[in-house]
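For reference, the structure discussed in these notes is given below.
The values are calculated or read from the model by the stated rules, or taken from the named source; none is laboratory data. What you see is a predicted model; the values in this text were computed from it and never measured. Note that each Cβ is placed from the backbone with ideal geometry, even for glycine, and that neighbours are counted across all protein chains shown. When the accessible area is computed, the model is the full protein with side chains, heavy atoms only, and any ligands, DNA or RNA have been set aside. Shrake-Rupley method; radii C 1.70, N 1.55, O 1.52, S 1.80 Å.
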Amino acid sequence: MKVLKVPARTIAVFVLPCLLLYVCLVFVPIIVSVYTGLLKWDGLTASTFIGLGNFKDMFFNDPVFWPSVRRTLLYAVASMIEIPLCLFMAILLNRYLRKGNTLVSIYFTPVILSVVIIGQLWKTVYNPTSMGGMLNGVLVSLGLDSWTHNWLTEPKIAMFALYFVSLWQYFGYHLLIQYTGVQNIPDELYEAAKIDGADGFKADRYITLPLIVPIFKISIVLAFIGSLQAFDLVMVMTGGGPAHATDVISTHMYTSSFGSFKYGYGSAIATFLVVVCLVFTGFINTIFNRIERKFN
């Protein structure tokens, strides 16, 4: 079969516009943010170059910064808990249901809803009054009055309430990814394994799991990096409160920039967040590349 050789100039014509757009929308803002992080600037008056002063204040003088980093990392770790469950459910749907696509579509519904709608919905569920709050109302009706809480205003509980909402919202998203990956595995492999005596979950161990690793990695990266950038759901439901108990890196960056008018300091936090996302993306890819080589 003859392979057509495409001229480099033709490739450039198609690639360069997208590349320029990507550079303008991604790399240029990152560079500007890094530079702004070196300034003392309120966004209105003239700026002053202070070098690494903002980063020094961020690491050593900001009492909110490190707790927000810890909560962000916990948020990212919690977001990955549901992915093995999604894979297990995808395997069951693919094996035992002929119309699994319909059920997956139903689970996907929260993903297409606005975050504002989801936030307001769950604020109603978490409402602390037994009459207005569905969760506390159910607990009271079951005689579990001692289990009721002010779910979004108690510092020790509020963040876990947000974790649950995020898991609920994106369960269908990761289920769809895993289900699509499982469906793309050729049936011939399972039939051959069945002849050799490997059926059911034994076949999943030697066929499904090795072949689903690249798809599983996609879900892990999307969940982890997406949670590192968590902002909208937190702002809608708690605004970072009570008393910064649900502040994550993005909300702390927002309040520093637009609440305290410290744009230079907010840009330093944004730069830190970009570096963290890049580091963890590389770390996750390295781990899964080793896993893929092990299976291969």
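Only one entry of 231, 261 meets the criterion of being of a type outside the set (A, V, I, L, M), at positive phi and open to solvent by 20 Å² or more (accessible area, probe 1.4 Å), and that entry is 261. Scanning segment 114-145 for residues that are closer than 28 Å to residue 232 by Cα, among the small types (Gly, Ala, Ser) and surrounded by fewer than 16 Cβ atoms within 10 Å (Cβ to Cβ) yields 114, 132. Restricting attention to segment 264-275, the residues that are free of Cβ contacts under 8 Å to residues at least 60 places away in the same chain and open to solvent by less than 60 Å² (accessible area, probe 1.4 Å) total 2. Within segment 178-225, being of a type in the set (Phe, Trp, Tyr) and over 26 Å from the mean Cα position of the chain (by Cα) holds for 190, 201, 206. Out of all the residues in segment 209-219, is one or more more than 30 Å from residue 238 (Cα to Cα), of a type in the set (A, V, I, L, M), assigned to a helix (DSSP H, G or I) and open to solvent by 60 Å² or more (accessible area, probe 1.4 Å)? Yes, segment 209-219 has at least one match.
Applying the set (1) assigned to a helix (DSSP H, G or I); (2) farther than 21 Å from residue 294 by Cβ; (3) of a type outside the set (Phe, Trp, Tyr) to residue 204 leaves exactly one unmet item: (2).
Selection of segment 110-151 for residues being of a type in the set (Gly, Ala, Ser) and either within 12 Å of residue 165 (Cβ to Cβ) or touching a residue at least 24 places away in the same chain (Cβ under 8 Å) (or both) yields only 119. Exactly one residue out of 68, 33 is surrounded by 12 or more Cβ atoms within 10 Å (Cβ to Cβ) and closer than 30 Å to residue 169 by Cα, and it is 68.
Residue count for segment 249-265 under the criterion of being under 24 Å from residue 74 (Cβ atoms) and in contact with a strand residue (DSSP E or B) (Cβ under 6 Å, 6 or more places away or on another chain): the result is 0.
Working only within segment 48-61, note down all residues that are in a loop (DSSP other than H, G, I, E, B) and open to solvent by 60 Å² or more (accessible area, probe 1.4 Å). Please lay out each step first, then the result.
The first filter runs over segment 48-61 and keeps only residues in a loop (DSSP other than H, G, I, E, B), leaving 50-52, 61.
Those that are in a loop (DSSP other than H, G, I, E, B) and open to solvent by 60 Å² or more (accessible area, probe 1.4 Å): 50, 52, 61.
Could we say that residue 68 is under 28 Å from residue 221 (Cα atoms) and modelled with pLDDT of 95 or more here? So residue 68 passes the test. Filtering segment 74-100 to residues that are of a type outside the set (Ser, Thr, Tyr) and either free of Cβ contacts under 8 Å to residues at least 12 places away in the same chain or exposed (fewer than 15 other Cβ atoms within 10 Å of the Cβ) (or both) leaves 77, 81, 84, 85, 88, 92, 95, 97, 98, 99.
Please verify whether segment 30-46 includes one or more residues that are assigned to a helix (DSSP H, G or I), modelled with pLDDT of 90 or more, closer than 11 Å to residue 265 by Cα and of a type in the set (A, V, I, L, M). Within segment 30-46 (the criterion being assigned to a helix (DSSP H, G or I), modelled with pLDDT of 90 or more, closer than 11 Å to residue 265 by Cα and of a type in the set (A, V, I, L, M)), the answer is yes, since at least one residue qualifies. Say whether the condition of being modelled with pLDDT of 90 or more, closer than 30 Å to residue 187 by Cβ and assigned to a helix (DSSP H, G or I) is met by at least one residue in segment 110-119. Within segment 110-119 (the criterion being modelled with pLDDT of 90 or more, closer than 30 Å to residue 187 by Cβ and assigned to a helix (DSSP H, G or I)), the answer is yes, since at least one residue qualifies. Taken together, 162, 222 contain a single residue that is of a type outside the set (Lys, Arg), part of a helix (DSSP H, G or I) and open to solvent by 60 Å² or more (accessible area, probe 1.4 Å), which is 222.
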